[in-house]
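*Asks:* Below is a structure I'd like to ask you about.
The values are calculated or read from the model by the stated rules, or taken from the named source; none is laboratory data. Only a predicted model underlies this, so the values are computations on that prediction, with no experimental measurement involved. As a convention, Cβ positions derive from the backbone with ideal geometry for all residues, glycine included, and neighbour counts pool all protein chains shown.
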Amino acid sequence: MKKLRSTPSVRYIVKNLVVLAGVLLVIVLLVKTNTGYDLLFNKLLQERVAQQQYEDLSYDDRRAVKLGYNFTYLQLLRSRTPETAVILMPPDSVFRRPDDEHAFIDYWITNRGWASYFVYPRRLVYSDDLEAEPSRLRPTHVAIVHYWGYDKLAYPVDKKYPYDVMPF
C-alpha cells in the first residue's frame with residue numbers, strides 16, 4: 001500500500017489557483033456582459049430595499065404605492081359596488097389618449113385580465129367589447145373616467161366628477 005502525502009505539492013496549489021482565477025474571470029465577464037444578471041443583482045436588490053420602507057403598510061396600500069392611480073381607481077370601483085356588480089368600462093381610447101391629461105390612469109387598466117383581478121368578484125365589461133359583440137352580461141354600474149359614462153345613465157346627475165362609478 002502506498003502512503004498518502006499529508007501536504008499538497010506547490011504545483012497542485014498553483015494549478016488550482018489558476019483554475020479558480022479562470023472560473024472567477026468567466027463569472028465576472030458573464031455578469032458584466034449579460035444584462036439579465038443586472039436584474040438579479042441590482043433591480044431586485046433595489047426593490048427589496050424599497051419594500052422594507054413599506055413593510056408597515058397593508059396589502060392594498062402597498063399595491064397603491066406600486067401601481068399608482070390604476071389600482072386606486074379599481075379600488076374605488078371595488079369599494080363602491082356590490083360583489084355581484086357588472087361594471088361597464090370606457091373604451092380603450094379614453095385611457096390611451098396621447099395628451100398628458102390622463103397620465104395618472106394609464107393603459108394597464110385596459111388589460112381586461114389585469115383589471116378584473118383587482119375587482120373580483122365583480123365583472124368588468126368594456127364598451128369596446130359590447131359594441132363588437134353583445135354580451136350576456138347586462139351592466140349594473142358605469143365606470144366614469146374623465147366624464148365618460150354620464151351619457152350612458154338614464155337619469156340626470158347633479159354633481160359630476162371626472163372619476164366615479166354610478167349605478168345604471
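*Asks:* Within the set of pairs 6 or more residues apart or between chains, which connect a residue that is without any contact (Cβ under 8 Å) to a residue 24 or more places away in the chain inside segment 149-160 to a residue that is of a type in the set (Lys, Arg) and surrounded by 10 or more Cβ atoms within 10 Å (Cβ to Cβ) with Cβ atoms less than 7 Å apart?
*Replies:* Tyr150/Lys160
*Asks:* Say whether the condition of being modelled with pLDDT of 85 or more, surrounded by fewer than 11 Cβ atoms within 10 Å (Cβ to Cβ) and out of contact with any helix residue (DSSP H, G or I) (no Cβ under 6 Å at 6 or more places or on another chain) is met by at least one residue in segment 37-55. So that I can check it myself, show each step before the final result.
*Replies:* So the first thing to find is which residues in segment 37-55 are modelled with pLDDT of 85 or more, and the list is none.
No, segment 37-55 contains no residue that is modelled with pLDDT of 85 or more, surrounded by fewer than 11 Cβ atoms within 10 Å (Cβ to Cβ) and out of contact with any helix residue (DSSP H, G or I) (no Cβ under 6 Å at 6 or more places or on another chain).
*Asks:* Over 22 Å from His146 (Cα atoms), modelled with pLDDT of 80 or more and of a type in the set (A, V, I, L, M): is that true of Val31 in this structure?
*Replies:* For Val31, the condition - over 22 Å from His146 (Cα atoms), modelled with pLDDT of 80 or more and of a type in the set (A, V, I, L, M) - is not met.
*Asks:* Still on this model: Output the number of residues of segment 123-139 satisfying the condition of being of a type outside the set (A, V, I, L, M) and assigned to a loop (DSSP other than H, G, I, E, B). It would help to see each step written out before you state the result.
*Replies:* To start, the set of residues in segment 123-139 that are of a type outside the set (A, V, I, L, M) comprises 123, 126-129, 131, 133-136, 138-139.
Now drop any that are not assigned to a loop (DSSP other than H, G, I, E, B), which leaves 133-136, 138-139.
Here the count works out to 6.
*Asks:* To continue, here is another question. Looking only at segment 99-106, decide whether some residue is of a type in the set (A, V, I, L, M), out of contact with any helix residue (DSSP H, G or I) (no Cβ under 6 Å at 6 or more places or on another chain), loosely packed, with under 11 Cβ neighbours inside 10 Å and in a loop (DSSP other than H, G, I, E, B).
*Replies:* Going residue by residue through segment 99-106, those that are of a type in the set (A, V, I, L, M) are 103, 105.
The next check asks that each one be out of contact with any helix residue (DSSP H, G or I) (no Cβ under 6 Å at 6 or more places or on another chain); those that pass are 103.
Add one more test, that the residue is loosely packed, with under 11 Cβ neighbours inside 10 Å, and what stays is 103.
Now narrow it down to the ones that are in a loop (DSSP other than H, G, I, E, B): 103.
Yes; the residues of segment 99-106 include at least one that is of a type in the set (A, V, I, L, M), out of contact with any helix residue (DSSP H, G or I) (no Cβ under 6 Å at 6 or more places or on another chain), loosely packed, with under 11 Cβ neighbours inside 10 Å and in a loop (DSSP other than H, G, I, E, B).
*Asks:* Filter segment 155-166 for residues that are exposed (fewer than 14 other Cβ atoms within 10 Å of the Cβ) and at pLDDT 90 or above and give the result. Lay out the reasoning, then the answer.
*Replies:* Of the residues in segment 155-166, the ones exposed (fewer than 14 other Cβ atoms within 10 Å of the Cβ) are 155-162.
Listed by number, the residues that qualify are Tyr155, Pro156, Val157, Asp158, Lys159, Lys160, Tyr161.
*Asks:* Another question, then. Specify the residue that is modelled with the lowest pLDDT; the eligible residues are those in segment 78-115 that are within 20 Å of the chain's Cα centre (by Cα) and among the acidic types (Asp, Glu).
*Replies:* So, considering only residues that are within 20 Å of the chain's Cα centre (by Cα) and among the acidic types (Asp, Glu), the one modelled with the lowest pLDDT is Asp106.
*Asks:* Ok, one more. I need the full set of residues from segment 77-92 which are surrounded by fewer than 17 Cβ atoms within 10 Å (Cβ to Cβ) and out of contact with any strand residue (DSSP E or B) (no Cβ under 6 Å at 6 or more places or on another chain), in order please.
*Replies:* Ser79, Pro82, Glu83, Thr84, Pro91, Asp92
*Asks:* I'd like the full set of residues that are touching a strand residue (DSSP E or B) at 6+ places or on another chain (Cβ under 7 Å) and at pLDDT 75 or above, limited to segment 127-142.
*Replies:* Selection gives Ser127, Leu137, Arg138, Pro139, Thr140, His141, Val142.
*Asks:* Now, a different point. Restricting segment 143-153 to residues that are modelled with pLDDT of 90 or more and part of a loop (DSSP other than H, G, I, E, B), which is surrounded by the most Cβ atoms within 10 Å (Cβ to Cβ)?
*Replies:* Gly149
*Asks:* Given Leu45, Leu40, Leu74, which one is assigned by TED's automatic domain parsing to the domain that holds Leu153 and within 20 Å of the chain's Cα centre (by Cα)? Break it down stepwise before answering.
*Replies:* Values: Leu45 fails: assigned by TED's automatic domain parsing to the domain that holds Leu153; Leu40 fails: assigned by TED's automatic domain parsing to the domain that holds Leu153.
That would be Leu74, the only listed residue that is assigned by TED's automatic domain parsing to the domain that holds Leu153 and within 20 Å of the chain's Cα centre (by Cα).
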